[in-house]
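Visitor: Dropping a structure here in structure tokens format, bear with me for questions.
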Amino acid sequence: MLEPKDCQPGYTFRKAHMRKPRSRHTTRRHGKLQLVAPSEAPVHVPASCIKTRKKRTTISKSADILRKEPLIQYGYQWRRPDAKRKAALKQAIKHTSVPIVYNKLLAITGLMKKYAHKSHTIKDMYLRFKMDRDWIRAQYPTFLSQ
């Protein structure tokens, strides 16, 4: 009997289970699409080692690290009004440097651009980070060209 420790590296153990009957669906056989009408009985799927799938990084993991850690300690939050966000960015620039703060915002907007279409909240976050990034670029052009 197959056990989790029997799987080789790069493979994950999947338990045996019963798969519910599927409705009619198409499948590719011999290079052609065919309509398949399976039987009504559930199908027993035996235990096996399946190839480990690459985990997707979500916006919450990557963006939270970039968003919260470096800038929140200076009072920066995307929900705040423009004046308070800009004051917090000035505070962050005073303690670190212009390129560091700019690169943080650049990285966040790069991540969020991919997910901005998913929800209004993410789109608002993306737009505010982008506005702040552009504001830094306009306020401190000499520091960024170095």
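Visitor: Do we have any residue at all in the range 49-67 that's of a type in the set (A, V, I, L, M), modelled with pLDDT of 85 or more, surrounded by fewer than 13 Cβ atoms within 10 Å (Cβ to Cβ) and outside any helix (DSSP H, G or I)? Before the answer, list the steps.
Guide: Filtering the range 49-67 down to residues of a type in the set (A, V, I, L, M) leaves 50, 59, 63, 65-66.
Within this subset, residues satisfying the condition of being modelled with pLDDT of 85 or more are 50.
Right, trim to surrounded by fewer than 13 Cβ atoms within 10 Å (Cβ to Cβ) and you get 50.
Next cut, outside any helix (DSSP H, G or I) only: 50.
Yes, the range 49-67 contains a residue that is of a type in the set (A, V, I, L, M), modelled with pLDDT of 85 or more, surrounded by fewer than 13 Cβ atoms within 10 Å (Cβ to Cβ) and outside any helix (DSSP H, G or I).
Visitor: Just one of (1) touching a residue at least 24 places away in the same chain (Cβ under 8 Å); (2) at positive phi; (3) not acidic (Asp, Glu) trips up His30, so point out which.
Guide: (1)
Visitor: Can you go through Leu127, Leu105 and tell me which one is touching an Asp or Glu at 6+ places or on another chain (Cβ under 7 Å) and of a type in the set (A, V, I, L, M, F, W, C)?
Guide: Answer to the check: Leu105.
Visitor: Can you spot a residue in the range 81-97 that is in a loop (DSSP other than H, G, I, E, B), outside the structural domain of Pro9 (by TED's automatic domain parsing), loosely packed, with under 15 Cβ neighbours inside 10 Å and at pLDDT 90 or above? Talk me through it step by step, then tell me what you get.
Guide: Here is the first cut: in the range 81-97, the residues in a loop (DSSP other than H, G, I, E, B) are 81, 96-97.
Narrowing further to those that are outside the structural domain of Pro9 (by TED's automatic domain parsing): 81, 96-97.
Adding the requirement that they be loosely packed, with under 15 Cβ neighbours inside 10 Å leaves 81, 96-97.
Now restrict to residues that are at pLDDT 90 or above: 81.
Looking for residues that are in a loop (DSSP other than H, G, I, E, B), outside the structural domain of Pro9 (by TED's automatic domain parsing), loosely packed, with under 15 Cβ neighbours inside 10 Å and at pLDDT 90 or above, one finds at least one in the range 81-97, hence yes.
Visitor: Residue under question is Thr109, and the condition is that it be surrounded by fewer than 16 Cβ atoms within 10 Å (Cβ to Cβ) and in a helix (DSSP H, G or I); does it hold? Walk me through how you get there before you give the answer.
Guide: Numbers: surrounded by fewer than 16 Cβ atoms within 10 Å (Cβ to Cβ): no; in a helix (DSSP H, G or I): yes.
For Thr109, the condition - surrounded by fewer than 16 Cβ atoms within 10 Å (Cβ to Cβ) and in a helix (DSSP H, G or I) - is not met.
Visitor: Taking into account only those residues within the range 1-14 that are assigned to a loop (DSSP other than H, G, I, E, B) and touching a strand residue (DSSP E or B) at 6+ places or on another chain (Cβ under 9 Å), which is nearest to Pro46 (Cα to Cα)? So that I can check it myself, show each step before the final result.
Guide: Our first condition is that a residue be assigned to a loop (DSSP other than H, G, I, E, B); within the range 1-14, this holds for 1-3, 7-10.
Now drop any that are not touching a strand residue (DSSP E or B) at 6+ places or on another chain (Cβ under 9 Å), which leaves 2-3, 7-8, 10.
Values: Leu2: 10, Glu3: 12, Cys7: 14, Gln8: 18, Gly10: 19 Å.
Result: Leu2.
Visitor: Oh, and also: From Asp132, Asp124, which residue is charged (D, E, K, R), over 17 Å from Pro70 (Cβ atoms) and touching a residue at least 24 places away in the same chain (Cβ under 8 Å)? Break it down into steps so the answer makes sense when it comes.
Guide: Details: Asp132 fails: over 17 Å from Pro70 (Cβ atoms).
Only one candidate passes the filter, namely Asp124.
Visitor: Scan (1) exposed (fewer than 10 other Cβ atoms within 10 Å of the Cβ); (2) assigned to a loop (DSSP other than H, G, I, E, B) for the single condition Leu35 breaks and write down its number.
Guide: Leu35 satisfies all of (1) exposed (fewer than 10 other Cβ atoms within 10 Å of the Cβ); (2) assigned to a loop (DSSP other than H, G, I, E, B) except (2).
Visitor: In this structure, is Ile136 assigned to a helix (DSSP H, G or I) and modelled with pLDDT under 90?
Guide: Working: assigned to a helix (DSSP H, G or I): yes; modelled with pLDDT under 90: no.
No; evaluated as a whole, the condition is false for this residue.
The values are calculated or read from the model by the stated rules, or taken from the named source; none is laboratory data. Computed from a prediction, not measured in an experiment: that's the story for all the values here. All Cβ positions, even for glycine, are placed from backbone atoms using ideal geometry, and neighbour counts span all protein chains on display.
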